[in-house]
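To start, the structure itself, in structure tokens.
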Amino acid sequence: MKIIKYLSIILFVFGSYLLLKPIYFYSKGIICQYILSNPFNETNSWDEYIKNKVRTNILDVNPIGEIIIPSVNIHQTILEGADGRTLMYGPGKIVSSYDIYDIQANIILSGHRDTFFRRLEYIKENDIIIIKHAKGKSLYKVYDIKQNVDPKSPHNIKLLDEEISETLTLVTCYPFEYIGPAPTRYLVLAKLIT
């Protein structure tokens with residue numbers, strides 16, 4: 001009888017951990033996005049936001065802009081970097097020598113499929129993507145969507161070439177419903193229109 005009681009307690013604790021861990025990570029990302037977007041809403045321009053050094057150093061992330069995709073209801077603060085820690089707080093720009101407003105480059109943004117880029121699966125060709133940044137904003141139009149992209153294939157690595165000008169590439173894991181580390185990637189390719 002004692003074994004069953006202890007086993008029940010152990011299973012309850014383990015089950016609670018499995019339930020609360022994803023809630024914790026998801027909540028942390030939402031709270032971070034709220035904290036990062038609040039100063040932008042108060043100053044009303046990224047240029048003022050950066051000049052006045054309102055950046056949030058508490059979270060040790062560097063906000064560099066916003067991504068807005070009205071058709072799929074995505075509105076997120078973009079962070080510099082795409083390491084695991086940064087992507088817990090929001091979509092990140094893969095670090096390169098190019099700034100987010102540089103039209104002579106392929107700006108590559110990465111985000112988790114189960115949080116910030118969750119609704120990306122509903123994007124369609126010709127949808128508009130707005131990137132707000134220190135120099136104003138850039139408008140992109142989706143021209144291609146690629147599913148089941150093998151991240152190790154040399155052909156697919158060319159899609160992430162930073163030398164492709166006037167391009168925005170959004171990258172997330174695929175399939176969206178996959179549990180655990182997804183084996184392939186989902187790419188949204190967009191061309192600059194203004």
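Quick notes
- Selection over the range 98-126 of residues that are touching a residue at least 60 places away in the same chain (Cβ under 8 Å) and not basic (Lys, Arg) gives a count of 17.
- Taken across the range 146-159, residues that are at pLDDT 90 or above, farther than 21 Å from ALA182 by Cα and in contact with a Leu (Cβ under 6 Å, 6 or more places away or on another chain) do not occur at all.
- Sub-7 Å Cβ pairs linking a first residue in the range 171-188 that is under 17 Å from LEU109 (Cα atoms) and without any contact (Cβ under 8 Å) to a residue 60 or more places away in the chain to a second residue that is basic (Lys, Arg) and outside any loop (DSSP other than H, G, I, E, B), at least 6 apart or interchain, are LEU187/LYS146, ordered by first then second residue.
- ASP150 loosely packed, with under 13 Cβ neighbours inside 10 Å, over 30 Å from SER27 (Cβ atoms) and either of a type outside the set (Lys, Arg) or out of contact with any Gly (no Cβ under 9 Å at 6 or more places or on another chain) (or both): yes
- Against the conditions (1) assigned to a strand (DSSP E or B); (2) of a type in the set (Ser, Thr, Tyr); (3) more than 13 Å from the chain's Cα centre (by Cα), SER96 satisfies every one except (1).
- Residues of the range 99-130 that are of a type outside the set (A, V, I, L, M, F, W, C), crowded, with 17+ Cβ neighbours inside 10 Å, touching a strand residue (DSSP E or B) at 6+ places or on another chain (Cβ under 9 Å) and part of a loop (DSSP other than H, G, I, E, B): TYR101, GLY111, HIS112, ARG113, ASP114, ASP127.
The values are calculated or read from the model by the stated rules, or taken from the named source; none is laboratory data. Note that this is a predicted model, so its numbers are computed, not measured. As a convention, Cβ positions derive from the backbone with ideal geometry for all residues, glycine included, and neighbour counts pool all protein chains shown.
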